[in-house]
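The values are calculated or read from the model by the stated rules, or taken from the named source; none is laboratory data. Quick caveat: nothing in here was measured; it's all calculated off a predicted structure. Positions of Cβ are generated from backbone atoms using ideal geometry, with glycine treated the same way; all protein chains shown enter the neighbour counts.
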Ligand SMILES: Nc1ncnc2c1ncn2[C@@H]1O[C@H](COP(=O)(O)OP(=O)(O)O)[C@@H](O)[C@H]1O
Ligand SMILES: [Mg+2]
């Protein structure tokens, strides 16, 4: 199950923040060794003492540790020689050209795809509320509704009048609500006719458009994606288009979640997207008198997290205010910040931004100098 190529695929999700390409493509991964669940990875940086080093190192550890079957990850860092550096610059320039043509999402943006094996578990409610909670932490946040036909984000955020418009460079400008930059087919589809046109479009193509034709703010710290249910085309397209994407898996507390778990784990493996953690939604109900009822069973979230070998990062109780917030277009974390579900979601968002910290914005000046020198040499 755990092999070199799957580790390499996971490492393709580690983006060098300065060069905007993944570390495998850049030739920075020099060796992968496995000994049972112990993995040793050799990384070559352009120069050894770079401030970016910490981020690359911790991203490598995070991505590989998240893989099933991995117990411990050791990263060994070395410096590149002259020849390796020129090769790296070639690849970085190639990637810069490709990026300009494909996605408008900055390689510095952390991408969190909220997924589950099935519908109705609360992906959209969580996506909307997590995005709002992350924005409330002071980060700049985008929210992409990738549920192309089953969109619910606009309604949940109360966007009823505004529609997406093209900006100066003819790219679509996300609609901003309370500090969250939103894109959804629900903000395009006006009538039956347009809806039919979208229906004819391949799902993966629609996602590609959302990534390439939208003027996402360059300073976006996080992009939260509300995924359609299941494990199909969109998931695979996401992994291809945004290699830095990571999954948050939503489940309900029923222990019978095993089948769903297997499907999500399989998709994560096939698409090489690491799972950051599991969120258990609709975890019981507490009355005003403090009586707790486990309406939909208990333990499913922890069981799924154990299965996937990732942390359980939140348990969100059943709370009628979540439904009300969704129906009225005011996410519960904003409308009722003291409600049980709201505090649980805010804590989950906090854990999420700790597990997936925003990309460092300091640049490595000495390293840039070296790269500039390289560029001058290469002409
Ligand atoms: N914690 C919760 N407590 C109560 N109702 C919830 C909770 N989470 C979601 N819901 C409700 O469950 C229904 C399905 O949620 P939704 O977010 O649309 O799921 P999905 O996107 O996975 O299909 C919605 O009516 C929503 O308001
Ligand atoms: Mg949904």
(1) in the same structural domain as residue 331 (by TED's automatic domain parsing); (2) closer than 20 Å to residue 246 by Cβ; (3) away from ligand 2 (no atom under 16 Å from the Cβ) all hold for residue 136 apart from (2)
Any hit, region 146-155, residues being under 25 Å from residue 305 (Cα atoms) and either assigned by TED's automatic domain parsing to the domain that holds residue 256 or within 14 Å of ligand 1 (Cβ to nearest atom) (or both)
yes
Is it true that residue 15 is within 18 Å of residue 355 (Cβ to Cβ) and either surrounded by 20 or more Cβ atoms within 10 Å (Cβ to Cβ) or in the same structural domain as residue 235 (by TED's automatic domain parsing) (or both)?
yes
When only residues in region 163-189 that are at pLDDT below 85 and over 17 Å from residue 216 (Cβ atoms) count, which is farthest from ligand 2 (Cβ to nearest atom)?
163
Return the residues of region 268-294 that are within 16 Å of ligand 1 (Cβ to nearest atom), in contact with a helix residue (DSSP H, G or I) (Cβ under 8 Å, 6 or more places away or on another chain) and modelled with pLDDT of 80 or more; say none if nothing qualifies.
278, 279, 280, 281, 283
Inside region 31-82, can you point out the residues that are exposed (fewer than 13 other Cβ atoms within 10 Å of the Cβ), modelled with pLDDT under 90 and in a loop (DSSP other than H, G, I, E, B)?
48, 49, 81
Here are some conditions: (1) at pLDDT 95 or above; (2) in contact with a helix residue (DSSP H, G or I) (Cβ under 9 Å, 6 or more places away or on another chain). Residue 355 meets all but one. Which one does it not meet?
(1)
Spot the failing condition for residue 330; the list is (1) touching a residue at least 60 places away in the same chain (Cβ under 8 Å); (2) touching a strand residue (DSSP E or B) at 6+ places or on another chain (Cβ under 9 Å); (3) in a loop (DSSP other than H, G, I, E, B), and only one is missed.
(2)
